[in-house]
Amino acid sequence: MATLYGALDTPGPYLVLMKWHPGYMSAPHSYATDRLSLVLSGTWWVNSGPDFDPIQAVPVAAGGFVRRIAHTPRYDGVKRDAKEPAVIALFGIAPVEVTLVDPSKLGWRQI
């Protein structure tokens with residue numbers, strides 16, 4: 001992850017770039033504020049809900065836009081058979097407060 005503007009732990013707007021490598025997805029989680037996401041390269045797979053089921057994730061190709069609503073469980077990442085990572089620009093209002101649906105597990109999953 002690379003921070004381009006603001007900070008994730010300081011009140012105010014932020015802009016970060018995140019790279020997801022093939023075979024990794026986040027565990028179901030939510031944020032206290034909305035997030036705006038723009039896929040810059042690759043294909044990013046997203047889904048909403050508390051149950052982790054990567055088969056149900058939908059693809060968002062480069063140029064695609066996703067608005068993630070606050071307090072809505074979601075997970076995302078890049079499927080194992082992808083040929084390249086996905087790079088996403090994320091914009092939101094900090095401080096970022098992440099809540100894992102199941103805090104007893106890691107915040108990411110290898111698929």
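Keeping all protein chains in place, calculate the accessible area per residue for the chain (probe 1.4 angstrom), answer in Å². It would help to have the intermediate numbers written out before the result.
Details: 6180 Å² over 111 residues.
It amounts to 56 Å² per residue over the chain.
Local charge sum around LEU36 (other residues, Cβ-Cβ under 15 Å, Lys/Arg +1, Asp/Glu -1)?
It works out to a net charge of +2.
Given the C-alpha centroids of the stretch 1-67 and the stretch 81-109, what is the distance between them in whole angstrom?
Cα centroid to Cα centroid, the span is 6 Å.
Determine the gain in length on full extension of the stretch SER48-HIS71; use 0.36 nm per residue of separation and subtract their C-alpha separation, reporting nm with one decimal.
Contour length minus the Cα-Cα distance gives 7.2 nm.
To the nearest whole percent, what portion of all C-alpha pairs in the stretch 41-105 is separated by more than 20 angstrom?
33
Against the globular-protein guess of 2.2 N^0.38 Å, express the Cα radius of gyration of the chain as a ratio, rounded to two decimals.
Here the answer is 1.00, to two decimals.
Of all accessible surface on the stretch 29-111 at a 1.4 Å probe, what whole percent is carbon and sulfur? Mind showing how you got there, number by number?
Working: 2710 of 4640 Å².
That fraction is 58 percent.
Need the full-extension length gain, LEU36 to THR99, defined as separation in residues times 0.36 nm minus the C-alpha distance. One decimal, nm.
Computed gain between LEU36 and THR99 is 20.9 nm.
The values are calculated or read from the model by the stated rules, or taken from the named source; none is laboratory data. What you are looking at is a predicted structure, and each value in this text was computed from that prediction instead of being measured. Note: ideal-geometry Cβ built from the backbone for every residue, glycine included; neighbour counts use all protein chains shown. Protein only, heavy atoms only, side chains kept; ligands, DNA and RNA dropped before computing areas. Shrake-Rupley method; radii C 1.70, N 1.55, O 1.52, S 1.80 Å.
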